[in-house]
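Engineer: Quick one: structure below, then a few questions.
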Amino acid sequence: MARLSLTARLTLLFALGSSAVLLVLGWLVGIAVNHHFEQQDFDALVGKVQLAQHAIERVAAKNELEALPGQLQDALIGHEDLAVQIIGPGGDVLLQTHGVVFPAERLAMAPTRLTGRLFQWEHDGRSFRGMALKVATATPQSSMVVGLDIGHHQMFIHNLMRALWVFVACAALAMGFIGWLAASRGLAPLRSMRAQLTDMTAHRLHERLPDAAVPPELAELNASLNAMLERLQDAFKRLSDFSSDIAHELRTPISNLMTETQVALSRERDAASYRATLESNAEEYERLARMIADMLLLAKAEYGQMGDWIAAHGERVDLAQEVRNLFDFYEALAEDKGVRLELQGECQVWGDRLMLRRALSNLLSNALRYTPRGGVVRVELGVEGERGRLVVENPGPTIPAEHLARLFERFYRADPSRQQTTGEGTGLGLAITQAVVQAHGGSIQASSDNGLTRFSMELPAQQA
């Protein structure tokens, strides 16, 4: 079943709401008119009942009672819609309007004084509204009932209600049309936004939805869409840069492989030469494999798979012990470069041990690579509130401010002319470190001044 459009829904709701209001209004009008006629009939009946009551109360003898009908007939001249019945003390009908039968139970239940209660009955297709009364005379009590033909009232109400229903139906159609116009005009900004977004392509992500013509109700949606376009533009730019960077990074090892292979095949060589070529190619293959593995790890981090793994398999990790283990691993390299390794403080965090070890290894490898001979690579650990803090500090060239914000980008190097050939030489080490830290719910920043470079990392001390 096809879903109704928003315009159709608003139109239908507007028409139904308006119709409901008009129906209630018509119902109230009908009640008010009927109440008005009841009050009008009551006033007319009270006057006639009092007239007949006074005439009956003056009856003092039986011969006067027999003359009463003639007196009342004269009083009813000009009131053809009035029906009257009088029952004498002996149960004889003294006066009865021709063609009208009054309900006998009403006469039996007639009160001895006037009340505000009317009763209604039908006879021969005609409707009447009346009242009954017992009147005391010198003789035993007489009973009378007076009624009005209310057919013309009912006809008026019937015609009025029919006219109201026709009006409500026409008004519902008119309100539906007005609602459609209002909804169409009100949703025009949405259609404009949809048209602009439909025409949006990867080459036009720099364009933004205008804010001036947007109503306040859509301002937040417009701002959210513009923010989404901003993120998409940034994502496409990073994807384009990443594609360009990876093509550049892959070109060098592939060119080396092709060149060495072509040189090896250019003429006959001995087994030792072929072996040297294969060993060189194997090194390039290892670099390519390492780069591909790093790219896959970053892809998993972007899609949240790394965070899911940490949530399911996280444990308490003693960062001080992990740093000591890495110091043992890098001890030979540090001695060869004349660099000293120092650790201060203790800290435990929650996370994946192997991932955190790799992040720490990247930071230490990076620090050793740029620390001059005689320098000290210092690791400081501590706890601040519910977060563990780790700082890796090393002396070396000051990194310009314009490069600090991009240190964690893939394949980015502050010194493009420097080719990294040891450790994490793919240009992905710091990007992987940031991905690991963020997957743990932490943060990492870099600072560099006065010949000291610091990487500050914060991680949750407890499971989130």
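Taken together, the values in this text are just the output of simple stated rules run on the coordinates, not laboratory data. All of these numbers come straight from a predicted model, not from anything done at the bench. Here Cβ is always computed from backbone atoms with ideal geometry, including for glycine, and neighbour counts include all displayed protein chains.
Engineer: Based only on the alpha carbon positions, what is the Kirkwood hydrodynamic radius of the range 216-302, in angstrom?
Structural biologist: 16.7
Engineer: Moving on. Can you tell which of V263, S280, H248 lies farthest toward the positive end of the dipole of the range 216-302, using +1 and -1 charges on the Cβ of basic and acidic side chains (Lys, Arg; Asp, Glu)?
Structural biologist: V263
Engineer: Can you give the Kirkwood hydrodynamic radius for the range 311-460, in Å, rounded to one decimal and based on Cα pairs?
Structural biologist: 15.6
Engineer: So for the pair S255, L333, with labels modelled 7 Å out along Cα→Cβ, what separation do we get in nm?
Structural biologist: Result for the modelled spin labels: 2.6 nm.
Engineer: Same structure again: Once the Cβ-Cβ distance between Q445 and V376 is put in as r, and R0 is 22 Å, what FRET efficiency do you end up with, to the nearest 0.05?
Structural biologist: 0.55
Engineer: Using a Förster radius of 45 Å, what is the FRET efficiency between Q196 and A311 based on their Cβ-Cβ separation? Nearest 0.05, please.
Structural biologist: After rounding to 0.05, the efficiency reads 0.70.
Engineer: Length gain on complete extension for the stretch D124 to M161, per 0.36 nm per residue less the alpha carbon to alpha carbon distance?
Structural biologist: Computed gain between D124 and M161 is 10.9 nm.
Engineer: Hey, another quick one. Stretched out fully, how many nm does the piece from R117 to L239 gain, at 0.36 nm a residue minus the Cα gap?
Structural biologist: 35.1 nm
Engineer: May I ask you to sort D43, D149 by Cβ crowding, counting other Cβ atoms within 10 Å and putting the fewest first?
Structural biologist: Ranked by crowding around the Cβ, least crowded first: D43, D149.
Engineer: Determine the gain in length on full extension of the stretch R9-V21; use 0.36 nm per residue of separation and subtract their C-alpha separation, reporting nm with one decimal.
Structural biologist: Taking 0.36 nm per residue and subtracting the Cα distance, the gain is 2.5 nm.
Engineer: In the range 311-460, what percentage of the DSSP-assigned beta bridges are antiparallel, given to the nearest 5?
Structural biologist: Within the range 311-460, antiparallel bridges account for around 85 percent of the total.
Engineer: Based on the alpha carbon coordinates of the range 163-242, what radius of gyration and maximum Cα-Cα distance (Dmax) apply, in Å?
Structural biologist: Answer for the range 163-242, Rg first and Dmax second: 20.1, 74 Å.
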